[in-house]
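The values are calculated or read from the model by the stated rules, or taken from the named source; none is laboratory data. Being a predicted model, the structure only gives us computed values, none of them experimental. Here the Cβ positions follow ideal geometry from the backbone for every residue, glycine too, while neighbour counts run over all protein chains shown.
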Amino acid sequence: MSDSKIIVALDYSSEAQAVEFVNKVSPELCKLKVGKELFTAAGPQFVEKIVSKGFDVFLDLKFHDIPNTVMKACQAVAELGVWMTNVHAMGGQTMMQAAKEGVSHSSTKLIAVTVLTSMGQDDLKQIGIQVEVTQQVVNLAQLTKQSGLDGVVCSAKEVSLLRQNLSEDFLLVTPGIRPAGSATGDQKRVMTPAEAIKAGSSYLVIGRPITQSDSPVKTLEAIAAEIV
Ligand code: C5P
C-alpha cells in the first residue's frame with residue numbers, strides 16, 4: 001500500500017480516457033477510485049488491470065441490497081484485489097455486517113456512505129427521516145463503526161464532528177475537495193486539501209480539479225506537496 005492520501009476519482013466514461021490518465025501517474029503519487037460510470041463501461045477487467053499495475057483501488061459501487069446479495073457482491077469485489085470498497089449505511093447493521101463478512105478473507109477495507117452530500121434536510125424528510133442531517137450522519141457513522149466497518153465517506157465539513165464521536169483509527173474519506181482557486185462544479189460544501197487533512201480527514205477523493213486540469217500530473221503533484 002502506498003502512503004498517498006490522495007484518491008483520484010477516475011470519473012471517465014470510457015476505459016481509453018481512464019488509461020490515458022493512469023499511464024501518466026504512479027501508485028506512489030495517488031490511489032485511484034473507480035465508480036459506477038467507469039465500472040459499468042470498462043468492467044472488472046479494467047479494475048484488475050490497474051490493481052496489477054500496483055495502484056491502491058477504491059471500488060466505489062455503494063452497495064445497498066439484502067444482506068446476502070451484498071455479502072456476495074463484496075466477496076466478488078474482494079477477489080478483484082481492491083484496496084477499498086463501500087456500501088450505504090442506510091442498508092442497516094445486518095447488511096453492513098454481511099458486507100464485512102464478504103470481505104473478511106481479504107485485506108479489502110470496507111467503508112460506508114452515511115448521507116449523500118447531495119441530500120439536504122428536505123430530501124431526508126421526503127423519505128421519512130425527521131432528524132437533522134448532521135445528526136443523521138453521526139448516527140449512521142456510529143452504526144457503521146458498531147457494524148465492524150473501517151470508516152465512512154463524508155463531507156470534509158463533517159470531519160471534525162465525526163472525529164469527536166469516533167476513534168482516531170476510524171477512516172474518514174472525504175470528497176468535495178477543491179484546491180484554492182479551482183471551480184467548485186456541483187459540489188456545494190467544499191474544503192481545500194490542506195484544510196481537510198488538518199480537520200482530520202484520512203483520505204481525500206479528488207476528481208475534476210485533477211482530471212480536467214490542463215496538466216493533471218502537475219496539479220496532482222501540487223496538491224501532494226500541499227498536504228505533506
Ligand atoms: O469531481 P469531484 O472532485 O467533485 O469528484 C468527487 C468524487 O467523489 C466523485 O466521484 C463523486 O461521485 C464522489 N462522491 C461525492 N460525494 C459523495 C460521495 C462520493 O462527491 N458523498
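Condition (residue is over 18 Å from the mean Cα position of the chain (by Cα), away from the ligand (no atom under 11 Å from the Cβ) and of a type in the set (D, E, K, R)) applied to the stretch 207-218: is it met by at least one residue? Yes, some residue in the stretch 207-218 is over 18 Å from the mean Cα position of the chain (by Cα), away from the ligand (no atom under 11 Å from the Cβ) and of a type in the set (D, E, K, R).
When each of 198, 188 is tested for being more than 16 Å from the ligand (Cβ to nearest atom) and out of contact with any helix residue (DSSP H, G or I) (no Cβ under 7 Å at 6 or more places or on another chain), the lone residue that passes is 198.
Within the stretch 18-40, one or more residues are at pLDDT 95 or above, buried (at least 16 other Cβ atoms within 10 Å of the Cβ), of a type in the set (A, V, I, L, M, F, W, C) and farther than 21 Å from residue 219 by Cα. In the stretch 54-69, the condition of being at pLDDT 95 or above, closer than 29 Å to residue 8 by Cβ and assigned to a helix (DSSP H, G or I) is met by no residue. Total residues in the stretch 132-165 satisfying the condition of being in a loop (DSSP other than H, G, I, E, B), under 21 Å from residue 188 (Cα atoms) and either among the hydrophobic types (A, V, I, L, M, F, W, C) or within 16 Å of the ligand (Cβ to nearest atom) (or both): the figure is 2.
Among the residues of the stretch 166-184, those identified as over 23 Å from residue 85 (Cα atoms) and either at pLDDT below 90 or more than 11 Å from the ligand (Cβ to nearest atom) (or both) are 180, 181, 182, 183, 184.
Here residue 77 fits the description: on the phi < 0 side of the Ramachandran plot and away from the ligand (no atom under 16 Å from the Cβ). Taking first residues from the stretch 183-205 that are more than 18 Å from residue 115 (Cα to Cα) and partners that are assigned to a helix (DSSP H, G or I) and among the polar types (S, T, N, Q), the Cβ contacts under 8 Å between residues at least 6 apart in sequence or on separate chains come to 199/160; 200/160. Number of residues in the stretch 168-181 that are buried (at least 18 other Cβ atoms within 10 Å of the Cβ) and either of a type in the set (S, T, N, Q) or farther than 21 Å from residue 115 by Cα (or both): the value is 1.
If the condition is being in a strand (DSSP E or B) and among the acidic types (Asp, Glu), then the stretch 14-47 contributes no residue at all. Quick check on residue 59: is it closer than 30 Å to residue 226 by Cβ, buried (at least 16 other Cβ atoms within 10 Å of the Cβ) and of a type in the set (A, V, I, L, M)? Yes, satisfied. Considering the conditions (1) more than 25 Å from residue 151 (Cα to Cα); (2) over 17 Å from the mean Cα position of the chain (by Cα), residue 92 is excluded by exactly one of them, (1).
Show the residue pairs that are 6+ apart or on different chains and have beta-carbon atoms under 6 Å apart, the first residue being within the stretch 17-41 and under 22 Å from residue 3 (Cβ atoms), the second being modelled with pLDDT of 95 or more and among the charged types (D, E, K, R). Hits for this filter: 31/56; 33/60.
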